[in-house]
Number of protein chains: 2
Amino acid sequence: MSARPSGEGVLIALDWGTTNVRAALLDRNGRVLDERRGESGVGVFSSEEFAQNFDKLTAGWPPVPAIAAGMVGSRQGWREANYLACPVSTERLSQSLIGFDHGSHRITIVPGLTYSDADIHDVMRGEETQIAGLLAEQPDFSGIAVLPGTHSKWVRIAKGTVKRFRTYMTGEMFEALSQHTILRHSMNDAGGEWNDAAFEGAASEIFAGGSGWGRFFSIRAGHLLSGGETAYHCERLSGYLIASEFAAARRDGFDDQSIVIIGTGQLVSRYEAAATLLGLQSNTHRGTDLVWPALFNLAGRAGLVGSNVHE
Amino acid sequence: MSARPSGEGVLIALDWGTTNVRAALLDRNGRVLDERRGESGVGVFSSEEFAQNFDKLTAGWPPVPAIAAGMVGSRQGWREANYLACPVSTERLSQSLIGFDHGSHRITIVPGLTYSDADIHDVMRGEETQIAGLLAEQPDFSGIAVLPGTHSKWVRIAKGTVKRFRTYMTGEMFEALSQHTILRHSMNDAGGEWNDAAFEGAASEIFAGGSGWGRFFSIRAGHLLSGGETAYHCERLSGYLIASEFAAARRDGFDDQSIVIIGTGQLVSRYEAAATLLGLQSNTHRGTDLVWPALFNLAGRAGLVGSNVHE
């Protein structure tokens, strides 16, 4: 089919989140030929403005199909891609892409996922693509993937199918508690160096059975009574919160002896440290590295880049 | 000693918190002859301004001793009254008041309490006086007192002595989560009517072993997927938080089959409902009603109002 030589762009991939968009031009082997960044516009742009933003971002690139993941598919995005209810396999995800034409481009958007049981409702948008990236590498993966962040996701996968997932608002709780409660008087703004001992000490208290709930105020009281550096108190709060997430996730049935962590940076180091304290094995993948292979794989399955993908 | 007739003021009592101050003129039997309110000044006033505020608040009252509880005794208050370390009996509390002269008034301030163990530090200031009020009524009380609020306190009391206590930042967590996270899009500003069913449904999920941590985001996702009124989502958050406080407190050793709740208003109704759901017996005292008897009792023990108190 495709007689295009390697080196020529065949697919535009877009990682289109709430605040930023990354775009890549990929060749027939999924290699990145060019990569750019722009502003997201989610929640702000009209449909026309999204189109203009896309044109600006991809100026000079060939008129090839584009595939996008993330908040661009939300109600406040370019075009809404309805959530798929779990369980969802990569196959089903690739069959549920929504598409529309924009100029000479066919635009395709990856839907988010939803999970509900009697009590719980949950949604993700963007993370499903990082998971698809993991599954592009390990199609029969079974286990738990953890995606730390503002809204951390714990995801149960069985033989390549996302069975269920749960969101813990740990990152946002940290922001809210450290900036909008009495704890702000004991926190540093800068973030500072990671204090392993403070983090691990706090996390260990939780893993020994203590309640995080009954320890947040202790940070303030300890500061009041004994002083100490704000960076130290900041790390304790982080330790209490991340350990509380682990403890809750295990209670919520994400209780294997090993986890795959998908993410980047210092936050991942903390999740690795928490896993180690709990005696769990963890294996980390850089989340951003998974997105282009995932989108290339999904585009191939959906026939957007020709049969060469499956050669 | 005191030949003063009933009807004549013998003590000025002050409930001096962070935002307001209440003042009462009490007779020799502890009855309220007059009551006034003013601004607190804690964290804002200089020592002189506190003195002026006191004069304004008590203008026309006789030059009798005054006793004050609350944040007025903090470092940002009129005069610092150092924390007493638990265990603390009413006797010890009454022996640890700090005093100074202001014009023709002897001013006495009740110290706050502190509790520390290996991991935990905690402080209270003001609540110790409400507890002293409970103990003025029931000097040999043993059990758990719960004081709901911005910083809820669970207090272990044995034969009239405060053994230990723990603060849960539940009220402040509610504010932070409902105003400064993604949940704000699903909350109403007004507060609205108390929705018992939503509150109790959410609390029951926690008492059945679910994690609150893994349910906060579910409020947002549920709203996104199924709509519903913001008042309903607001009550669910309240249910998750208050039930998480109960669950944590029980884990932290406050696990009796009955509790005494000290507080007022709708918040107390929620704590009563949570206790009932857990099968606990609860007995409620209006917190504000306990302060004047407590201060009158402490003043009597400290000899500020003459021996008539012990007659």
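The values are calculated or read from the model by the stated rules, or taken from the named source; none is laboratory data. Small disclaimer: the values here were computed from a predicted structure and weren't measured. Here the Cβ is made from the backbone with ideal geometry for all residues, glycine too, and neighbour counts use every protein chain on show.
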- All-but-one check, B:Val305 against (1) farther than 22 Å from B:Ala158 by Cα; (2) free of Cβ contacts under 8 Å to residues at least 60 places away in the same chain; (3) outside any helix (DSSP H, G or I), failing number (2)
- Item | Condition check for B:Ser218: facing another protein chain (nearest Cβ under 7 Å) and either in contact (Cβ under 8 Å) with a residue 40 or more places away in the chain or out of contact with any His (no Cβ under 7 Å at 6 or more places or on another chain) (or both) | no
- basic (Lys, Arg), more than 21 Å from the chain's Cα centre (by Cα) and within 19 Å of A:Ser269 (Cβ to Cβ): does that describe A:Arg251? no
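Tell me, yes or no, whether the range B:226-245 has at least one residue that is under 17 Å from B:Ser152 (Cα atoms), assigned to a helix (DSSP H, G or I), polar (S, T, N, Q) and within 7 Å of chain A (Cβ to nearest Cβ). Outline the logic, then answer.
Keep residues of the range B:226-245 that are under 17 Å from B:Ser152 (Cα atoms), which gives B:237-245.
Keeping just the survivors that are assigned to a helix (DSSP H, G or I) gives B:237-245.
From what's left, polar (S, T, N, Q): B:238, B:244.
Restricting the remaining residues to those that are within 7 Å of chain A (Cβ to nearest Cβ) gives B:244.
Checking the range B:226-245: at least one residue is under 17 Å from B:Ser152 (Cα atoms), assigned to a helix (DSSP H, G or I), polar (S, T, N, Q) and within 7 Å of chain A (Cβ to nearest Cβ).
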- Item | All positions within the range A:21-65 that are outside any loop (DSSP other than H, G, I, E, B) and over 21 Å from A:Ala299 (Cβ atoms) | A:Glu39, A:Ser47, A:Glu48, A:Glu49, A:Gln52, A:Lys56
- Query: Looking only at the range B:41-50, which residues are surrounded by 10 or more Cβ atoms within 10 Å (Cβ to Cβ) and more than 16 Å from B:Ile12 (Cβ to Cβ)?
  - Reply: B:Gly41, B:Val42, B:Gly43, B:Val44, B:Phe45, B:Ser46, B:Ser47, B:Glu49
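Can you name the residue in the range A:203-234 that is touching an Asp or Glu at 6+ places or on another chain (Cβ under 8 Å) and among the charged types (D, E, K, R) and is also surrounded by the fewest Cβ atoms within 10 Å (Cβ to Cβ) among such residues? Talk me through it step by step, then tell me what you get.
Just the residues of the range A:203-234 that are touching an Asp or Glu at 6+ places or on another chain (Cβ under 8 Å), to begin with: A:205, A:210-211, A:213-215, A:217-218, A:221, A:231.
From what is left, the residues that are among the charged types (D, E, K, R) are A:205, A:215.
On the way: A:Glu205: 21, A:Arg215: 30.
Per the criteria, the residue is A:Glu205.
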- Does A:Ala176 satisfy the criteria of being surrounded by fewer than 16 Cβ atoms within 10 Å (Cβ to Cβ) and either within 10 Å of chain B (Cβ to nearest Cβ) or of a type in the set (A, V, I, L, M, F, W, C) (or both)? no
- The residue from B:Ala81, B:Ala145, B:Ala68, B:Ala132 that alone is aliphatic (A, V, I, L, M), surrounded by 20 or more Cβ atoms within 10 Å (Cβ to Cβ), farther than 22 Å from B:Lys159 by Cβ and within 16 Å of the chain's Cα centre (by Cα) is B:Ala68
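Tell me the strands (runs of 3 or more DSSP E) entirely within the range B:110-186 that contain at least 2 residues that are among the charged types (D, E, K, R). Don't jump to the end; show me each part of the working.
On the way: elements: B:113-116, B:121-124, B:143-147, B:152-158, B:161-168.
Passing ranges, in order: B:152-158, B:161-168.
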- Query: Hey, A:Asn29 hits all of (1) without any contact (Cβ under 8 Å) to a residue 24 or more places away in the chain; (2) within 21 Å of A:Gly103 (Cβ to Cβ) but one; which does it fall short on?
  - Reply: (2)
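Residue-by-condition table, conditions (1) within 14 Å of another protein chain (Cβ to nearest Cβ); (2) modelled with pLDDT under 95; (3) surrounded by 21 or more Cβ atoms within 10 Å (Cβ to Cβ); (4) more than 21 Å from A:Arg270 (Cα to Cα):
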{"site": "A:Trp154", "(1), (2), (3), (4)": "yes, no, yes, no"}
{"site": "A:Ile157", "(1), (2), (3), (4)": "no, no, yes, yes"}
{"site": "A:Arg164", "(1), (2), (3), (4)": "yes, no, no, yes"}
{"site": "A:His185", "(1), (2), (3), (4)": "yes, yes, no, yes"}
{"site": "A:Asn195", "(1), (2), (3), (4)": "no, yes, no, no"}
